[in-house]
Amino acid sequence: MSTLDQAVQTQLANIQKKTGMSLTELSSFVQKSGLSKHGEIREMLMTKLGLSHGDANSLVHAVFKSDGTRAAEGKSADSILDEIYSGAKSGFRPIHEALMKHIVKFGEFEIVPKKGYVSLRRRKQFAMIGPKTNTRFEVGINAKDLKKNARLLEQPKGSMCNYIVSLTDAQDVDAELIAWIKSAFEVAG
């Protein structure tokens, strides 16, 4: 079992402890809600069960087996990248390559391709990279207490990343951005 799979299993076990419900009971709770949209179900779990955004999000994926890991299962990393950077998003591939050129110099880490982005992990995820929309590329950074900067969009507590940086061109990959990612890499080890 990969460290990512172990982390998900630990998170699901913790959710069961927090709620006092088994995964089967939680699944039934979701099904009985009558909701069908991911975001609506996530919000309902946050409101009714007091789960964080991240826990509620993971639980929805577990219930519907819809997480990015399962969507990417059985595919090579290259084929997943080709899917992520296809069509209107194909112009973002140079940004991905520019980021990875720098990040691989940090040291050992795991590259976990998902359906629409790439997760970068050590003991825990330190960054997420990929196109958010057809016109916006995002770098999610898991670091705390980065110095305020107009480029750093602080995310709500419980989000998958602490900060988001939007990019439009490979030239946006600069020393400042790489330093932020490296600080996240160092604390994720």
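Within region 94-114, the residues that satisfy the criterion of being surrounded by 17 or more Cβ atoms within 10 Å (Cβ to Cβ) and without any contact (Cβ under 8 Å) to a residue 60 or more places away in the chain are His96, Pro113, Lys114.
Restricting region 148-171 to residues that are within 15 Å of Ala127 (Cβ to Cβ) and in contact (Cβ under 8 Å) with a residue 60 or more places away in the chain, the residue that is surrounded by the most Cβ atoms within 10 Å (Cβ to Cβ) is Leu167. The set of residues from region 23-49 being outside any helix (DSSP H, G or I) and either closer than 19 Å to Met160 by Cβ or of a type in the set (Lys, Arg) (or both) comprises just one member, Lys37.
Of all residues in region 42-86, how many are of a type in the set (Val, Ile, Thr), at pLDDT below 70 and closer than 26 Å to Lys32 by Cβ? Full working, then the answer.
So in region 42-86, the residues of a type in the set (Val, Ile, Thr) come out as 47, 60, 63, 69, 80, 84.
Filter once more, so that each one left must be at pLDDT below 70: 69.
Pick out the ones that are also closer than 26 Å to Lys32 by Cβ and you get none.
Of the residues in that region, 0 qualify.
Tell me yes or no: at least one residue of region 147-162 is more than 13 Å from the chain's Cα centre (by Cα), at pLDDT 90 or above, of a type outside the set (S, T, N, Q) and assigned to a strand (DSSP E or B). Yes; the residues of region 147-162 include at least one that is more than 13 Å from the chain's Cα centre (by Cα), at pLDDT 90 or above, of a type outside the set (S, T, N, Q) and assigned to a strand (DSSP E or B).
Going through region 168-183 one residue at a time, which ones are of a type outside the set (Phe, Trp, Tyr), in contact with a Phe, Trp or Tyr (Cβ under 8 Å, 6 or more places away or on another chain) and modelled with pLDDT of 95 or more?
Ile181, Lys182
Contact map, region 13-33: first residue modelled with pLDDT of 90 or more, second residue outside any helix (DSSP H, G or I) and surrounded by fewer than 13 Cβ atoms within 10 Å (Cβ to Cβ), Cβ cut-off under 9 Å, separation 6 or more or different chains; pairs are Gln16/Ser22; Lys18/Gly50; Thr19/Gly50. Please specify each residue of region 77-131 satisfying the condition of being in a loop (DSSP other than H, G, I, E, B) and either not hydroxyl-bearing (Ser, Thr, Tyr) or not assigned by TED's automatic domain parsing to the domain that holds Glu176 (or both). Correct list: Val104, Lys105, Phe106, Gly107, Glu108, Phe109, Lys114, Lys115, Gly116, Arg122, Arg123, Lys124.
The values are calculated or read from the model by the stated rules, or taken from the named source; none is laboratory data. Everything numeric here is computed off the predicted structure, so don't read it as measured data. Cβ: placed from backbone, ideal geometry, glycine included. Neighbour counts: every protein chain shown.
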